[in-house]
Amino acid sequence: MSRKQRYYTFDELARRQTPSAFATMVKPVGSRCNLDCAYCYYLDKEAIYAGIEPQMDDALLERYIRQYIEGNRVDTVTFVWHGGEPTLAGLDFFRRAVALQQRHAGGKRIENALQTNGTLLDDDWCAFLRDNRFLVGISLDGPASIHDRCRRDKGGRPTFARVAAAVERLRRHGVEFNTMTTVNRYSEGRGREVYRFLKSLGSRYMQFMPVVEQVCDPPHGGRPGIVAPGTPGSRPAEWSVSSRGFGEFMCEVFDDWVLSDVGDYFVQLFDVSLAQWVGIRPPLCSFCETCGDSLVVEHNGDIYSCDHFVFPEYRLGNLADTTLVEAFAASRQGEFGAAKHNDLPAECRRCRWYFACRGECPQHRFDRTASGEEHLNTLCEGYRLFFSHVDPYMRRMAELLRAGEPAAFVMPWARRRMGLL
């Protein structure tokens with residue numbers, strides 16, 4: 001923690017003292033995966049467990065499900081299954097999970113989201129996902145020329161064809177899905193192309209995640225290890241997107257979207273940005289003033305502060321000796337969440353776009369300001385470019401919503417502004 005003055009927002013204090021709702025991301029097989037994606041920040045986590053990645057057993061699965069449902073004092077509880085590759089747990093594991101959810105539901109509505117690379121989804125999987133109303137996130141970086149640069153299997157073989165086939169299978173079975181697309185070095189300058197490609201596959205809900213990692217070379221050769229921001233001896237990973245490249249990518253996507261797709265296609269960053277312009281809490285922790293609302297539960301019951309901070313120093317305990325509510329309400333988790341604001345450079349707080357950015361995710365804060373302050377987000381230039389580009393359209397959509405009109409009414413206005421009408 002830095003020596004800057006520490007403080008909690010009123011919102012943060014209220015949520016910590018009387019937690020009524022919090023999120024978890026559960027890793028039933030830890031970092032185990034059938035792919036070997038170059039930029040994956042989770043494959044290295046096997047080292048924490050000495051290379052041993054057992055599957056979550058049934059007793060632990062039930063303890064987690066019961067605690068999570070009971071700890072959330074809201075009508076709807078959403079489970080997020082992640083990895084690694086969670087489908088490696090097998091279909092029977094998820095059948096047991098659904099049965100346990102119903103056993104402990106206590107009248108609450110249970111929802112499930114599964115993030116997968118899609119390569120193991122067959123017709124049986126798709127039927128199960130449809131029948132149990134799972135929302136499926138498919139990791140797909142764009143056309144084969146982009147996707148296959150980083151997303152290969154353990155044998156080094158490309159995976160695009162298998163993932164595209166999985167998307168088609170999900171569509172055929174009527175499974176609701178969205179796409180999670182990394183924006184990396186190889187997708188720079190191709191934002192419009194990637195967006196149109198994803199639309200052509202039937203994706204109506206899209207997440208674009210910038211890949212900016214710090215790595216350290218192992219002492220005896222092999223795969224560079226992804227490390228936490230500020231780790232001595234770390235360097236930018238070769239696949240990392242440039243700050244300006246990310247901003248330009250998202251501007252390209254936005255220009256296509258705002259002209260013809262508002263209300264029909266949904267891009268997470270655009271939803272988040274509109275929330276900021278309207279003045280409501282955004283639906284993504286990276287753009288909130290503080291963070292720490294989503295715990296990670298590992299295959300052995302270990303609890304961590306955040307998916308991007310599964311490092312020993314961020315371990316909050318284990319389900320064998322603490323509950324999820326206790327971990328969420330712990331002072332260490334409160335300090336972790338408040339540090340998102342407290343560790344910001346003064347330059348960020350003075351920035352015109354601070355209300356929209358909030359410093360973004362702490363995992364990307366490993367640069368310095370011109371005056372030498374630490375913890376500047378390495379994507380700062382890109383976000384400044386993006387927010388300044390979308391500002392007129394966001395202000396117009398905010399005006400429409402306040403007047404009781406749909407945001408989609410921005411489209412003819414945008415066409416006139418761009419000289420297309």
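The values are calculated or read from the model by the stated rules, or taken from the named source; none is laboratory data. Keep in mind it's a predicted model, so treat the numbers as computed, not measured. Cβ coordinates were reconstructed from backbone atoms using ideal geometry, including for glycine residues, and neighbour counts include every protein chain displayed. Ligands, DNA and RNA are stripped out before the accessible areas are found, and what is left, the full protein with its side chains, is counted by its heavy atoms. Shrake-Rupley method; radii C 1.70, N 1.55, O 1.52, S 1.80 Å.
Quick look at the numbers
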read-out	value
Portion, in percent, of the accessible area of the chain that falls on carbon or sulfur, probe 1.4 Å	51
Listed residues 267, 251, 277: farthest to the positive end of the dipole of region 243-289 (Cβ charges)	277
Most positive-pole-ward Cα, 366, 166, 65, against dipole of the chain from beta carbon charges	366
Relative contact order of the chain, defined on C-alpha pairs under 8 angstrom at six or more residues apart (%)	17
The chain - Rg over Rh from alpha carbon coordinates, Kirkwood radius	0.94
Listed residues 376, 411, 328: farthest to the positive end of the dipole of region 322-421 (Cβ charges)	411
Förster radius 30 Å - calculated FRET efficiency between residue 408 and residue 281, Cβ distance, rounded to 0.05	0.85
Size of charge dipole - region 267-402 - debye, nearest 20, with Cβ of Lys, Arg +1 and Asp, Glu -1, no other charges	700
Helix-only CD estimate at 222 nm, as mean residue ellipticity for the chain, using -39500 (n - 2.57) per DSSP H run (n ≥ 4)	-11500 deg cm²/dmol
Part-to-part distance (alpha-carbon centres) for region 345-421 and region 51-126, which is given in Å	36
Antiparallel DSSP beta bridges within the chain, percent to nearest 5	30
Candidate lysines - alpha carbon under 25 Å from residue 154, same-chain residues fewer than 8 apart omitted	27, 45
Charge dipole magnitude, Cβ of K and R +1, D and E -1 - the chain, Cα centre, debye nearest 20	820
Solvent-accessible heavy-atom area per residue, rounded to whole Å², over the chain at 1.4 Å	43
Dipole magnitude (debye, nearest 20) for region 139-207, charges at Cβ of Lys, Arg, Asp, Glu	100
